[in-house]
1. In segment 295-328, how many are under 14 Å from Leu378 (Cα atoms) and open to solvent by 20 Å² or more (accessible area, probe 1.4 Å)?
2. I'd like the full set of residues that are under 19 Å from Pro314 (Cβ atoms), in contact with an Asp or Glu (Cβ under 8 Å, 6 or more places away or on another chain) and not in a loop (DSSP other than H, G, I, E, B), limited to segment 23-35.
3. Any residue in segment 212-225 that is more than 23 Å from Pro140 (Cα to Cα), open to solvent by less than 20 Å² (accessible area, probe 1.4 Å) and in contact with a Leu (Cβ under 6 Å, 6 or more places away or on another chain)?
4. Of the residues that sit in segment 112-130 and are surrounded by 19 or more Cβ atoms within 10 Å (Cβ to Cβ) and of a type in the set (A, V, I, L, M, F, W, C), which one is nearest to Leu73 (Cα to Cα)?
5. Residues Arg61, Arg71, Arg38: which one is basic (Lys, Arg), over 22 Å from the mean Cα position of the chain (by Cα) and farther than 16 Å from Leu8 by Cβ?
6. I'm told Ile9 meets every condition in (1) closer than 22 Å to Gly168 by Cβ; (2) surrounded by fewer than 20 Cβ atoms within 10 Å (Cβ to Cβ) except one. Can you identify the failing condition by its number?
7. Taking the options Leu76, Leu135, Leu36, name whichever one is touching a residue at least 60 places away in the same chain (Cβ under 8 Å), closer than 20 Å to Ala193 by Cβ and either open to solvent by 70 Å² or more (accessible area, probe 1.4 Å) or not charged (D, E, K, R) (or both).
8. So which residues in segment 322-352 are touching a Ser or Thr at 6+ places or on another chain (Cβ under 7 Å), closer than 21 Å to Ser274 by Cβ and assigned to a loop (DSSP other than H, G, I, E, B), if there are any at all?
Amino acid sequence: MRDEIPNLIAGEPALPLSGEWLDKLRPADGAHLCRLARSGASDVAAAITAARAVQPAWAERTPVERGEIVRELALLLRERRDEAAEIVVAETGKPLELALGEADAAVQMGLFVAGEGRRSYGRTTTSAMKHRTVLTVRQPLGVAGLITSFNTPLPNIAWKAFPAIFCGNTAVVKPSEHVPASALFFAELALEAGVPAGVLNVVQGLGAEAGAALVEHEDVDLVSFTGSAGTGRWINETAGRRLAKVCLELGGKNALVVCDDADLDNAVRWALSSAFSNAGQRCAAASRIVVFERVYDAVRDLLVSGSGELKPEPVISEPALERMLAAIDRAVANGARVLTGGERVVGPGFRLAPTILEEASPADEISRTELFGPVTLLYRVSSLDEAVALVNDSRYGLTAAIHTASLHRALRFAEKAQAGVIVVNGGTHGSEPHMGFGGVKDSGTGWREAGIEALDVYSDWKIVNLIADPALT
Ligand code: NAD
């Protein structure tokens with residue numbers, strides 16, 4: 001692990017023009033890990049210039065060629081998965097097994113996108129006029145600004161960078177300031193895999209500085225953002241003002257419903273992993289568990305005993321941990337009861353014990369805001385209609401799950417729950433590389449990442465109207 005994480009512009013490491021650096025601490029023990037470039041508007045502008053310069057030549061390559069280069073990158077990442085995962089472990093504090101799984105997920109995304117090189121299907125259609133052939137083709141947008149969160153550093157970049165460059169765009173990535181090294185690793189690997197210099201650039205730094213400069217730059221044609229709803233709203237307004245395309249993948253307050261006919265052991269197993277894996281730092285985390293009255297006490301007891309067996313993982317930073325503790329304190333002052341956790345784990349690092357609360361009102365701040373940590377809330381309901389109403393009583397709508405033996409309840413829930421992903425008898429977990437992922441309401445703006453839907457983000461459709469013989473028209 002390098003001590004200094006620079007930018008990567010036009011294929012070369014680039015020091016911050018201001019000469020300033022930021023400290024990055026190791027979440028597992030709070031010790032210094034590395035320092036990263038504190039970039040500003042000039043560094044961002046240099047990266048955009050580099051990306052713009054090579055975009056036409058990159059777009060000239062055929063989709064098959066670009067797909068092959070994307071495949072090379074995915075295969076190289078597979079070869080170097082241990083190294084990639086070790087960087088992720090150091091930057092996030094998550095268990096190695098989880099980081100390896102994420103490296104593999106990023107590889108799978110690359111392989112899926114690579115396959116589009118020999119598909120990338122358009123459509124042919126009819127015309128009201130004779131002797132016309134009409135077809136649709138994808139075209140790149142130009143320079144893409146890709147801004148990512150810290151929670152799963154490799155998939156977060158992979159979900160954007162693979163389809164962005166495959167579609168013939170060039171890109172400037174602004175990774176989260178919490179995970180600078182994994183982003184640099186990915187972009188350097190891209191160079192090694194044959195992605196031409198300048199096609200994938202990285203600018204490190206703070207959101208309000210480097211991130212905002214990327215969003216505000218006139219020469220960025222598309223901003224694709226994964227992060228919090230508040231930041232997403234500002235990005236939509238700012239980039240939207242110049243009519244840039246904006247794709248937002250935002251937060252969630254995901255609910256998992258346990259009906260009275262559910263397999264309770266299965267439901268509790270999924271509820272625990274949905275709420276607490278990755279220390280709850282998942283956009284799809286189950287931060288609300290909605291339980292039918294008849295099985296409430298049994299589910300509560302199983303959840304509390306199950307959570308006691310979990311090893312607390314660190315959250316990303318000290319301020320994040322303090323924000324969670326303060327939110328729990330306010331919830332308790334408002335009448336919520338801590339069933340387990342609620343406290344910092346004594347010892348080094350930024351750890352919050354897996355926390356379960358009950359008796360918070362659905363109207364309380366804690367029921368309505370995303371904490372992005374290992375905190376989940378229990379609610380009682382007496383019917384499916386009540387459960388659906390509670391699930392939908394949120395400004396978010398990313399994922400939702402139901403546990404039931406009833407096909408009717410499952411289908412009814414899938415139909416009525418306001419979310420981009422519904423899971424029956426499983427967790428509020430994300431999807432696979434070939435499945436479009438994204439949310440409704442404040443969880444996004446309707447675009448989908450992954451799947452071929454991702455290509456719709458990074459390309460525009462062009463209609464080609466062919467009049468083969470003008471004499472016949
Ligand atoms: P965040 O909004 O604080 O930061 C996300 C990224 O945006 C970071 O790179 C940050 O530096 C940058 N940023 C911050 N302010 C900016 C600004 N003014 N202009 C431009 N860029 C700016 O979010 P976070 O704490 O990194 O991540 C947590 C959030 O991300 C949660 O809400 C979570 O649900 C969401 N998330 C969503 C998905 C999804 O697919 N829907 C996936 C992962 C995380």
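The values are calculated or read from the model by the stated rules, or taken from the named source; none is laboratory data. No experiment lies behind these values; they were computed from the predicted model shown. Positions of Cβ are generated from backbone atoms using ideal geometry, with glycine treated the same way; all protein chains shown enter the neighbour counts. In case anyone asks, the SASA skips ligands and DNA or RNA and just uses the protein heavy atoms, side chains included. Shrake-Rupley method; radii C 1.70, N 1.55, O 1.52, S 1.80 Å.
1. So the answer is 6.
2. The answer is Lys24, Leu25, His32, Leu33, Cys34.
3. no
4. Across segment 112-130, the extreme among qualifying residues is Ala114.
5. Only one candidate qualifies: Arg61.
6. (2)
7. Of the residues listed, the single one that is touching a residue at least 60 places away in the same chain (Cβ under 8 Å), closer than 20 Å to Ala193 by Cβ and either open to solvent by 70 Å² or more (accessible area, probe 1.4 Å) or not charged (D, E, K, R) (or both) is Leu76.
8. Those that are touching a Ser or Thr at 6+ places or on another chain (Cβ under 7 Å), closer than 21 Å to Ser274 by Cβ and assigned to a loop (DSSP other than H, G, I, E, B): Gly341, Gly342.
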